[in-house]
Amino acid sequence: MKLHCPPRRDSETSVRGGSGRLLALLALPLLTSCGVTSRMEPYKQTDAVINDGEQVVILARKHHANREAEQEFIDCISESLSKGRTGLEVHSSTAFEDMMYPWFEPSMAPLSTDDLATLLEKPGVMDQVRDTGVRFLVWLDGSTERVASGGGITCAAGVGGAGCMGLAWWEDDARYDATVWDIDELSSAGTIHADVKGRSVMPALVIPLPFIARPQAAACRGMTEQIRQFLTTPEGYGAGPDPELG
Amino acid sequence: MRSARLTVKLSAPLVAIAGALGAGCASSVIVQSDFPTPLIQPLPVRMGVIYSPELQDYVHAESLPQQSTWTIGLGNANLAMLSPLFETMFAEIRTVEDVPLDPSAQLDGVLLPELEKFEFDVPIGTRDEFVEVWMQYSLTLFEPDGEVVTEWPVSGYGKAELTGNREDALSRAAIVAMREVGATISTKFAEQPDVQYWLEENRNEAALSAETRLGN
C-alpha cells in the first residue's frame, strides 16, 4: 500500500533512501514549524454598538466567484457568537434569506450600502427587516484553500508486519473579510480581515503521526471574537492606524 | 458543463426504480424543497397559469463521461417553486388547462412556464469543491384568446459545496438555481418591454370599463 499526500518526486526519493534517524532530523524543522499563525485587522469607523433586542445576521457573499465562504464557516461563527455569557442575538442566515426572499439571493443581494438603501425603500422590505429584529448585517467573503503541500509516505506490509515511512506536509490558508453594515444608519460600520495560515505535518516512522493544524477553526474563533468586540465596544476598538504615525 | 444529455419525461416512481436498478453505476436525485414566498407587491392583473404535464413530471437523464448516469427529478420542485411565486405576483391566479380561454373565465392573461434546459457539473477530482447547476425556463404570456404576448427565457445558476454525497450537493445546487429563477421572475417580469406594454393596456382597459360603468 502506498499513500501520497500528494506526491513529490524529489522528497519521496529522499525518504525511501533514508534511515529513521535521518528522517527524524529532516522532519525536525518541519515539526517545529507545524502550527497556526494568525493575523486579524479590524477597522471600525463608527461608535455603533448592538443593543438589547437587536440582532445580527451573518451572510456569505455569493456572487458566483470561484470561491465563497463555506457554509460550515458561516454556521461556526453564527453559533459561536450566540454562545456564552456575552452571547449576542444571532439571526439564522437561512431564515433571514427566506424572509427577505428574493432580495438577498446571490444575484440580487445589495453590494453596497447605497444598494441597501435603495432596497429598503421598496414596499414592505423595511417592515420585514424590522420584523426580523436584525440591525447589523455581517457579510463574509473568503475561503480556506490549500496553498502548498509536499512530501510523501510509503507503506508496506509483509509476513513480519507492516509499517510506513516518510513525511508529508501541507499548508492551508484561511482568508476571510467581514464587512459590517448598520441597517439603522444605512452605513458600513467597518471591516475585519482575518488571515490564518496553518501548516500540518505527518511524519511516519512505522506509524503515521498526524500533527494537523486547523486554520479554518482558528479563523472562526478569531473572527467570532473580533465581531463580538466590534459590536459591543463603542470606542477605541479597531480604529485603524494612528493618523499621527502617518 | 457536459454536452451529452438527454431529457426525458418520466414519473417520480420511475426515477426511483431507475435509481434502484442502476445502484452502483447510476445516481438518482429527486429535488424537493419548500420555496419562500417572495416579498413583492402583486401586479393588478388576473392571471391563468398552465402547469403542463411535462413541467410537473420533468426528469433530466444524462450520462457523464467517466462517471455514472444521472437521473434528476425536478417536477415536484417546479411546482413548489412556481406556485407560491405566481400566487404572490398577481392579484388573482387560477390554474387553467389551455388557451384560448372561454370568455367567461374573466382572466387578463395566461402564463405557460416551461423548463427548457438543465445542465450540471459534478466534479471528478477531490480538488474541485462545487457541484454546479444551470437551468433555463421559458415563460410564455398569452392573451386570453391564445395570442402570444411575449416569450421570456429566464435562467438560473446555482452551486453547492461537495461536502457530503454528490446527490445531496446536486440537489442543493439545483435549489439555489431555482431560487435564482424565482428571484428573476418575481422582480423582472413586469420590467420586460412587452409585458410593460401589456400591463399598460390592461390598466387602460380597466380604467375605460370603470368609466363606462360610471357613465351608465
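The values are calculated or read from the model by the stated rules, or taken from the named source; none is laboratory data. This is a predicted model, so every value here is computed, not measured. Every residue, glycine as well, gets a Cβ built from its backbone with ideal geometry; the counts of neighbours run over all protein chains shown. Areas reflect the complete protein model, heavy atoms only, side chains present, ligands, DNA and RNA absent. Shrake-Rupley method; radii C 1.70, N 1.55, O 1.52, S 1.80 Å.
Quick check on A:ASP115: is it more than 21 Å from the chain's Cα centre (by Cα) and open to solvent by 40 Å² or more (accessible area, probe 1.4 Å)? Yes: the conditions hold for A:ASP115.
The set of residues in region A:88-116 that are in a helix (DSSP H, G or I), closer than 19 Å to A:GLN55 by Cα and more than 14 Å from every other protein chain (Cβ to nearest Cβ) comprises A:THR113, A:LEU116. Taken as a whole, the structure leaves A:PHE136 outside the set of residues that are open to solvent by 30 Å² or more (accessible area, probe 1.4 Å) and aromatic (Phe, Trp, Tyr).
The test for being part of a strand (DSSP E or B), open to solvent by less than 50 Å² (accessible area, probe 1.4 Å) and within 27 Å of A:LEU231 (Cα to Cα) does not hold for A:VAL129. Applying the criterion of being open to solvent by 10 Å² or more (accessible area, probe 1.4 Å) and in contact with a helix residue (DSSP H, G or I) (Cβ under 9 Å, 6 or more places away or on another chain) to the residues of region B:74-92, the residue that is farthest from B:PRO53 (Cα to Cα) is B:THR88. Taken together, the criteria exclude B:MET135 from residues that are part of a helix (DSSP H, G or I), open to solvent by less than 20 Å² (accessible area, probe 1.4 Å) and touching a helix residue (DSSP H, G or I) at 6+ places or on another chain (Cβ under 6 Å). Screening B:VAL122, B:VAL110, B:VAL148, B:VAL154 for residues that are touching a strand residue (DSSP E or B) at 6+ places or on another chain (Cβ under 8 Å), closer than 25 Å to B:GLN192 by Cα, more than 14 Å from chain A (Cβ to nearest Cβ) and surrounded by 15 or more Cβ atoms within 10 Å (Cβ to Cβ) leaves exactly one candidate, B:VAL110.
Considering only residues in region A:71-87 that are open to solvent by 20 Å² or more (accessible area, probe 1.4 Å) and within 12 Å of chain B (Cβ to nearest Cβ), the one that is modelled with the highest pLDDT turns out to be A:ASP75. Anything in region B:30-60 that is under 23 Å from B:ASP168 (Cβ atoms), open to solvent by 20 Å² or more (accessible area, probe 1.4 Å) and in contact with a strand residue (DSSP E or B) (Cβ under 8 Å, 6 or more places away or on another chain)? List them, or say none. Listed by number, the residues that qualify are B:ILE30, B:ASP57. Filtering region B:157-183 to residues that are facing another protein chain (nearest Cβ under 9 Å), open to solvent by 30 Å² or more (accessible area, probe 1.4 Å) and either in a strand (DSSP E or B) or not hydrophobic (A, V, I, L, M, F, W, C) (or both) leaves B:TYR157, B:GLU161, B:THR163, B:ARG179.
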